[in-house]
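Shown next, in structure tokens, is the structure this report addresses.
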Amino acid sequence: MDREQGGYLRKIIEDKVMEKLDLSKEVEDEQVYHLIDYVINQLSREQYISVSDRVELRSAVFNSMRGLDVLTPLLKDESITEIMINGHNNIFVEKNGSLHKVALAFESKEKYHNVIQQVVAGCNRIVNEASPIVDARLLDGSRVNVVLSPISLDGSTMTIRKFPKEAFTMDKLIQIGSLDRETSELLKLLVRSGYNIFVSGGTGSGKTTFLNALSDFIPKSERIITIEDSAELQIKGVENLVRMEVRNANVEGKNAITMQDLIKSSLRMRPNRIIVGEVRGGEALDMLQGLNTGHDGSICTGHANSARDMLIRLEVMVLMAVDMPVYALRGQIASALEIIVHLGRLRDNSRRVMEIVEVLNVEQGEIKCNTLFKFQEKHKDIKDIEEGEAKAMELRHEQSKMTNADMRRKYNPDKDDVTHIRVQGQLVPKHQLQQVNKLMQAGYYNKFLCLMDEIRIKNSMERPV
């Protein structure tokens with residue numbers, strides 16, 4: 001059954017089921033399935049429908065009526081971490097760290113917009129032409145962002161960030177290599193000792209997942225207040241837990257509850273710790289004041305490229321809300337924050353704890369930091385490091401006037417007669433590769449740099465004029 005025929009049959013079945021449903025009372029899912037089966041059986045008497053097509057139609061009609069249409073099977077697939085809908089007929093997913101286009105589409109723009117409204121209404125949000133951008137969430141906690149057309153030029157866009165059904169624990173993060181046991185034990189000690197911790201990282205680096213795992217170390221007897229733009233945290237085992245979420249303005253542009261309002265209110269709720277899901281604007285000032293007024297052990301997250309960049313971003317965010325001397329602001333930051341944990345996403349799509357930095361004090365107008373842990377990527381083989389690309393080979397050919405055969409013999413690592421391998425921009429003779437490799441693996445970086453300087457000088461002397 002092709003896509004067009006399937007869409008036609010699905011529309012007929014859905015209309016007949018809607019005619020038979022008694023909407024004056026609550027309808028259970030089993031009743032809907034029963035009616036769908038009945039209509040499909042009646043329709044199969046008029047035209048042949050194979051068993052596989054019946055199963056597909058049954059699922060598609062039910063998902064259209066009671067679920068999120070074509071998104072339902074994607075949401076059930078645990079290997080999919082992100083769903084991106086660029087218009088009603090253009091759907092992509094992130095699976096195992098790679099993006100793929102799927103052969104699914106909504107039957108019309110109207111159906112797609114109905115699904116968007118269903119998702120947004122489920123968390124008491126509004127999205128329309130007056131307010132075309134909204135952050136929402138699904139019932140399972142998945143994060144949703146919607147941008148309607150014509151702001152999104154090629155059709156309304158919806159992006160769904162899925163979270164695993166079972167929250168990641170610190171043991172699980174150790175198992176997948178995000179950090180080691182020693183680092184985990186340090187973080188456990190810091191959390192239980194009441195250090196104020198800021199988790200930074202880029203988009204998709206796993207900040208929320210890591211914060212959930214970090215919260216397992218919080219003593220269960222404490223009172224915790226979480227503040228989020230869109231509720232995503234999954235803190236387990238804490239009975240005295242208060243969860244608060246930002247509220248957008250209504251259609252009149254009034255009655256909004258901002259992150260700043262929630263942080264101010266939380267200070268009067270007798271918290272032991274305050275957890276802020278993400279700091280991205282002027283609420284940074286209220287967060288710093290909260291951390292400086294006795295709420296030790298609080299945890300926050302924010303976007304940044306490094307731990308040092310996070311401190312700079314905090315300065316900028318505070319200055320968005322109030323004009324104050326930079327020296328005084330840096331003093332507030334250094335006093336409020338004690339530890340910054342920076343996360344990153346590597347080229348192989350793995351997520352790692354890149355560094356843990358201790359925030360010290362302000363000296364000569366600058367915030368001083370001390371790096372406690374830092375992740376350094378190691379290469380498996382010296383041959384994996386910067387092997388010459390075709391464009392670089394052409395440039396070297398221009399400079400040295402060598403023939404193509406000479407170029408292949410000197411630079412192609414797949415040939416038996418290879419004489420050099422490119423390492424950190426330098427051509428290393430084959431007989432010295434073992435020595436270079438040993439120095440790198442052993443961590444003798446000073447000796448490694450000295451050797452590379454000798455090779456660089458030698459190469460420059462041998463380069464043809």
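The values are calculated or read from the model by the stated rules, or taken from the named source; none is laboratory data. Everything numeric here is computed off the predicted structure, so don't read it as measured data. Using ideal geometry, Cβ is built from the backbone for each residue, glycine included, and neighbour counts are taken over all protein chains shown. Ligands, DNA and RNA are stripped out before the accessible areas are found, and what is left, the full protein with its side chains, is counted by its heavy atoms. Shrake-Rupley method; radii C 1.70, N 1.55, O 1.52, S 1.80 Å.
For the reader, a short list of remarks on this structure follows.
- Highlighted here are the helices (runs of 4 or more DSSP H) found entirely within region 18-135 that include at least 1 residues which are under 17 Å from Tyr8 (Cβ atoms) and open to solvent by less than 20 Å² (accessible area, probe 1.4 Å): 29-44, 51-66.
- Listed by position, the strands (runs of 3 or more DSSP E) inside region 229-342 whose residues that are surrounded by 14 or more Cβ atoms within 10 Å (Cβ to Cβ) and in contact with a His (Cβ under 7 Å, 6 or more places away or on another chain) number at least 2 are 273-276.
- Only listed residue being in contact with a helix residue (DSSP H, G or I) (Cβ under 6 Å, 6 or more places away or on another chain) and either modelled with pLDDT under 90 or surrounded by 21 or more Cβ atoms within 10 Å (Cβ to Cβ) (or both), chosen from Ser205, Ser200, Ser178: Ser200
Let's see how each residue does on (1) polar (S, T, N, Q); (2) within 27 Å of Lys188 (Cβ to Cβ); (3) touching a residue at least 40 places away in the same chain (Cβ under 8 Å):
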{"residue": "Asp261", "(1), (2), (3)": "no, no, no"}
{"residue": "Gly294", "(1), (2), (3)": "no, yes, no"}
{"residue": "Ala304", "(1), (2), (3)": "no, yes, yes"}
{"residue": "Ile312", "(1), (2), (3)": "no, no, no"}
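- For beta carbons closer than 6 Å, sequence separation of 6+ or different chains, a first residue in region 359-378 that is within 12 Å of Arg308 (Cβ to Cβ) and a second that is surrounded by 12 or more Cβ atoms within 10 Å (Cβ to Cβ) and of a type in the set (Val, Ile, Thr), the qualifying pairs are Cys369/Val357; Cys369/Val359; Thr371/Val357.
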